[in-house]
1. Show the residue pairs meeting these rules: Cβ distance below 6 Å; 6+ apart or different chains; first residue within segment 365-387 and touching a residue at least 24 places away in the same chain (Cβ under 8 Å) and part of a loop (DSSP other than H, G, I, E, B); second residue open to solvent by 10 Å² or more (accessible area, probe 1.4 Å) and of a type in the set (Asp, Glu).
2. Restricting to segment 42-55, name every residue that is open to solvent by less than 10 Å² (accessible area, probe 1.4 Å) and in a strand (DSSP E or B).
3. Answer yes or no: is there a residue in segment 315-337 that is under 22 Å from Ala31 (Cα atoms) and either of a type in the set (A, V, I, L, M, F, W, C) or surrounded by fewer than 21 Cβ atoms within 10 Å (Cβ to Cβ) (or both).
4. Before we move on, is Ala133 loosely packed, with under 15 Cβ neighbours inside 10 Å, over 25 Å from the mean Cα position of the chain (by Cα) and modelled with pLDDT of 95 or more?
5. Out of all the residues in segment 177-193, which are surrounded by fewer than 22 Cβ atoms within 10 Å (Cβ to Cβ) and touching a Gly at 6+ places or on another chain (Cβ under 6 Å)?
6. List the number of the failed condition for Ala103; all other conditions in (1) in a loop (DSSP other than H, G, I, E, B); (2) open to solvent by 70 Å² or more (accessible area, probe 1.4 Å); (3) modelled with pLDDT of 95 or more hold.
7. So which of Arg312, Arg331, Arg340 ends up being of a type in the set (Lys, Arg), in a loop (DSSP other than H, G, I, E, B) and in contact (Cβ under 8 Å) with a residue 12 or more places away in the chain?
8. Sort out which residues of segment 282-305 are among the aliphatic types (A, V, I, L, M) and more than 18 Å from Ala244 (Cβ to Cβ), and write them in order of number.
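The values are calculated or read from the model by the stated rules, or taken from the named source; none is laboratory data. Predicted, not measured: the structure shown is a model, and the values here were computed from it. Here the Cβ positions follow ideal geometry from the backbone for every residue, glycine too, while neighbour counts run over all protein chains shown. Just the protein is used for accessible areas: all its heavy atoms, side chains included, with ligands, DNA and RNA removed. Shrake-Rupley method; radii C 1.70, N 1.55, O 1.52, S 1.80 Å.
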Amino acid sequence: MARGKSTERMRGKGPDVVETLPRMGVDAPGAPAACRDTLVERARWQWRRTDGGDPAVTVQEFLAAHGVPLDDLARPAAAHDPNGVCGAALYVSAAAGALLAGAPTGPPDPVDLPDLVAVVYGHTRAPRPAPHAPPAGWWLGDWTPSWTPAQHADAVRSVRAAIGRGDVYQVNLVGHAAAPCTGDPLPALARLAGLPGARYGGVLTGPGWAIGCASPETLVEVTGARLITRPIKGTRPATTAGRADLLASAKERAEHIMIVDLERNDLARVACTGSVRVDDLFAVRRWCDLWQAESTISAACPDGLGLADLLRALCPGGSVTGAPKLAALDRIATLEPVGRGASMGALGWVTPGRVDLGLTIRTAAVDAQAVHVWAGGGITWGSDPDAEVAEAAAKAAPIRAALT
């Protein structure tokens, strides 16, 4: 096995993150609902940038060694075995995605997390044991942002200047805030995962950390030998006027089309030649109290396409990087004050014949000291700095409220 850490069962926990899987069951985004109360962890692999090696290849090898072969995603899925391996939760950080794309990984992360995690689950018929002690009380302190609204607005102006020079067409800027915390974070993260419109609502935990996701966005789904991505770009308040404004906005539609073209190009790198198509363009859907514009792009999956090549082609997601992707990632690494941590990466469920990974927008992470949230938006030549600051705050507000 290449570098990274692999165990048959993870031991130990951080001082403030309480491991409560026996009480809560497995709640990884995309895990089969019918299986969640019967799943038990069989093996785990974690990787950090300091481990070196090729994490995409290594995670594919690890999963295959533990009953989740993903070397040919076009191969039909085998019948579900209730006595065997069910599948695996998979997490890929934005920094790991940038590394796979050959781009800078950005400034240091403010949260202590692995960059890639795979957790393989099997089934058990034994009743789950009761927790040894009730969960510790949850306390959350005041939020401290990593940049001020003025600094955020200045970064927007910097992106506009880069667009004016022809360096980039669009860049997604993401801000961060943290709050000190104590106690068991999992009930708060479960509330976050249950927010309306959270297609990838769920929680993933490890020793000393936890991630809660309320993402509505599909980074990549592979099912029935089809590759599918559903980029989201364009946001307005969830009111009648907000919906009409989003549909009528030339700026939002132009920005959205740029990302659709980028995602078409990403899929085309690994799909059957000539098979990429846009199935649904600029559909308005709701997440909490916001309207968002979403498109669906699909392509035929070729024989022999493996998970490693799929991750290299699509990570990090175009809707949270910009266009061109590598130039946008260079700009992001220069402008953002801290790393993206658990946000703007991928989190979901993989099993033979199926991949379902959400983009980790609307996501929070907890380590031994604090809870962390990220929010941002795409910047184009037509962006207003103050409006972009307000949009990021609107996206973060439901996350903070759920955690409180």
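1. Asp367/Asp112; Ala368/Asp16
2. Filtering segment 42-55 for residues open to solvent by less than 10 Å² (accessible area, probe 1.4 Å) gives 43-45, 47, 55.
Ala43, Arg44, Trp45, Trp47, listed by residue number.
3. So far as segment 315-337 goes, yes, one or more of its residues are under 22 Å from Ala31 (Cα atoms) and either of a type in the set (A, V, I, L, M, F, W, C) or surrounded by fewer than 21 Cβ atoms within 10 Å (Cβ to Cβ) (or both).
4. Values: loosely packed, with under 15 Cβ neighbours inside 10 Å: yes; over 25 Å from the mean Cα position of the chain (by Cα): yes; modelled with pLDDT of 95 or more: no.
It is false that Ala133 is loosely packed, with under 15 Cβ neighbours inside 10 Å, over 25 Å from the mean Cα position of the chain (by Cα) and modelled with pLDDT of 95 or more.
5. Ala179, Pro180, Gly183
6. Condition not satisfied by Ala103: (2).
7. On the way: Arg312 fails: in a loop (DSSP other than H, G, I, E, B); Arg331 fails: in a loop (DSSP other than H, G, I, E, B).
Residue meeting the stated conditions: Arg340.
8. Pass one, segment 282-305, residues among the aliphatic types (A, V, I, L, M): 283-284, 290, 293, 297, 299-300, 305.
Result: Ile297, Ala299, Ala300, Leu305.
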